[in-house]
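Each remark here refers to the structure printed beneath this line.
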Amino acid sequence: MPTQRGNGIYYVKRRFKGIDPPLVYRSLGTRSKTRARTLEDMLVSLHGQGRLDIVRAFQTGRIAVATIAEFYEMGRLPELAQRLAAPDPVTLAVACLRALKDKQHEVRPRTLDGYRHGLAHLQRIVGESKPIQAVLTEEVLREFRSTRIEEGVALETCNNDMVAVSVLASYALRQGWITSRPRIKPFKTASRERWLEAGDLGAYMATLRSPFRTQMQLLVATGMRLGETEALRVCDLSFSAAGECRASIRDAKTTAGVRNVFVPNWASSTLVKHIRTRGLDGASQLFAIPRRSVQSEHKRACRLAGIHDYRIHDHRHTAAVALARAGMPLHLLQGQLGHKNIAMTMRYAKFHPDYADVASYFERVSETLGLAAPGNVSGHTEATMAEATVAP
């Protein structure tokens, strides 16, 4: 006999031999006593027919009693049994957890937090219990992206969310949950290139307080990311006999996974003093100041120096622009900055003297082809132009 709870819903509470545990105590989803009896009789009948798989699925909550009744009343029990025999579809929540766990050893903690943040929004909007195959479709992901834009997030933030989704899709493809990756183009955003000239940079450095100055100098001197300096340990630095310093950085964006960053003398000497003053060695973290404090000091220094719209990450652009102006070959600049491909580095080509002086290349070609006499390019050009204007 079904049991009625205080909310009026009837529950089945009965022991079924062969089920582990044998006691089944679950809601029948109805307030009708007659319907409740019918559903309980159906479960007893299924048990008598040897349909333990269906009763067990009801007990574990894998299938609702209303669904069982639908198949039972239509005589489609074999179809239901076949469906239950198939493995449970992987839900979005489970897929996200597994993908993040798989990625945690490849990226820095802050990058992983970014992925986790983006996938949390995906679960919130799409539904964490939805099968992963149904989520990773172009239609669903377009709706997700549109919803994020409607919520008022910036295009860059939305693109970051889609990067997290891309990580999830790559993992799902490797696991065989999907047969192809959905293709969603990122939003086009304006490339930010903000850097400081010598005067502003000097004013900025002069306003920094001593606990923060070494880390900021390292950012400007090398083009490192803030997170990369935070992860640096003393043992990551190597000094040559000539006094040159290089920092070994774990970088998931490079094919090797690690890149060596050159540290100029004026910054490395400050690093050595920083290490000795604080008694750091071995695996000691070079900079243990919380990021929030570093960001607050940066804002304070900018305010005192009269610098506006300049972020800590823009120190990276300051370094890149200065190195390009100095004539560093772009492939070496790519390695220093840790860009995944040369296309990312090419945006600094306009600051490079070899790329800015286009005329010199044409002069070299003219000399090679014998179209101009060395040292007399202008006269040759004038004579050629004069000949071209003579009437036949």
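Checking the stretch 328-339 against the condition returns no match, with no residue being exposed (fewer than 15 other Cβ atoms within 10 Å of the Cβ) and at pLDDT below 90. Residues in the stretch 220-235 that are crowded, with 18+ Cβ neighbours inside 10 Å and not small (G, A, S): V220, T222, M224, R225, L226, E228, T229, E230, L232. Looking at M216, is it surrounded by 15 or more Cβ atoms within 10 Å (Cβ to Cβ) and in a loop (DSSP other than H, G, I, E, B)? Criteria not met by M216.
For the structure I just gave you, tell me whether R311 is in a loop (DSSP other than H, G, I, E, B) and modelled with pLDDT under 95. Yes. Close Cβ contacts (under 6 Å, 6 or more residues apart or on different chains) running from residues in the stretch 120-144 that are farther than 25 Å from G61 by Cβ and free of Cβ contacts under 8 Å to residues at least 24 places away in the same chain to residues that are of a type in the set (D, E, K, R) and part of a helix (DSSP H, G or I) are absent.
Every residue, every condition in (1) within 22 Å of the chain's Cα centre (by Cα); (2) hydrophobic (A, V, I, L, M, F, W, C), yes or no:
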| position | (1), (2) |
| --- | --- |
| I125 | yes, yes |
| F144 | yes, yes |
| T147 | yes, no |
| W177 | yes, yes |
| R183 | yes, no |
| R194 | no, no |
| R209 | no, no |
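Within the stretch 325-365, the residues that satisfy the criterion of being of a type in the set (K, R) and either outside any helix (DSSP H, G or I) or over 29 Å from V258 (Cα atoms) (or both) are K340, R364.
Is it the case that some residue within the stretch 150-164 is more than 28 Å from R250 (Cα to Cα), in contact (Cβ under 8 Å) with a residue 40 or more places away in the chain and out of contact with any Lys or Arg (no Cβ under 6 Å at 6 or more places or on another chain)? Looking for residues that are more than 28 Å from R250 (Cα to Cα), in contact (Cβ under 8 Å) with a residue 40 or more places away in the chain and out of contact with any Lys or Arg (no Cβ under 6 Å at 6 or more places or on another chain), one finds none in the stretch 150-164, hence no.
For the stretch 2-19, a residue qualifies if it is hydrophobic (A, V, I, L, M, F, W, C) and either loosely packed, with under 14 Cβ neighbours inside 10 Å or closer than 16 Å to R35 by Cβ (or both), and the qualifying residues are I9, V12.
Could you run through the stretch 182-222 and say how many residues are closer than 30 Å to K101 by Cα and in contact (Cβ under 8 Å) with a residue 40 or more places away in the chain? Count: 3. For L92, the conditions (1) buried (at least 19 other Cβ atoms within 10 Å of the Cβ); (2) of a type outside the set (V, I, T); (3) on the phi > 0 side of the Ramachandran plot are fulfilled apart from (3). Taken over the stretch 29-46, the residue count meeting the criterion of being out of contact with any strand residue (DSSP E or B) (no Cβ under 9 Å at 6 or more places or on another chain) and not hydroxyl-bearing (S, T, Y) is 3.
Quick grid of which residues meet (1) more than 27 Å from L112 (Cα to Cα); (2) in contact with a His (Cβ under 6 Å, 6 or more places away or on another chain); (3) at pLDDT 95 or above; (4) among the aromatic types (F, W, Y):
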| position | (1), (2), (3), (4) |
| --- | --- |
| A203 | yes, no, yes, no |
| G227 | no, no, no, no |
| A241 | yes, no, no, no |
| V258 | no, no, no, no |
| W266 | yes, no, no, yes |
| V272 | yes, no, no, no |
| T277 | yes, no, no, no |
| D281 | yes, no, no, no |
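Within the option set L196, L168, L173, being within 30 Å of I312 (Cβ to Cβ), out of contact with any strand residue (DSSP E or B) (no Cβ under 7 Å at 6 or more places or on another chain) and assigned to a helix (DSSP H, G or I) holds for one residue only, L168. Checked across the stretch 2-19, the condition of being touching a residue at least 24 places away in the same chain (Cβ under 8 Å) and within 30 Å of Q133 (Cβ to Cβ) holds for no residue.
Taking the conditions (1) closer than 15 Å to Q217 by Cα; (2) within 25 Å of the chain's Cα centre (by Cα); (3) assigned to a helix (DSSP H, G or I); (4) of a type in the set (A, V, I, L, M) in turn, A322 satisfies each one other than (2).
Answer with yes or no whether V140 is over 19 Å from the mean Cα position of the chain (by Cα) and assigned to a helix (DSSP H, G or I). For V140, the condition - over 19 Å from the mean Cα position of the chain (by Cα) and assigned to a helix (DSSP H, G or I) - is met. Taken together, S378, S360, S293 contain a single residue that is modelled with pLDDT of 85 or more and over 19 Å from R192 (Cβ atoms), which is S293.
The values are calculated or read from the model by the stated rules, or taken from the named source; none is laboratory data. The structure presented is a predicted model; accordingly, all values stated were derived computationally and were not measured. For neighbour counting, all protein chains shown are included, and Cβ atoms are generated from backbone atoms with ideal geometry for every residue, glycine included.
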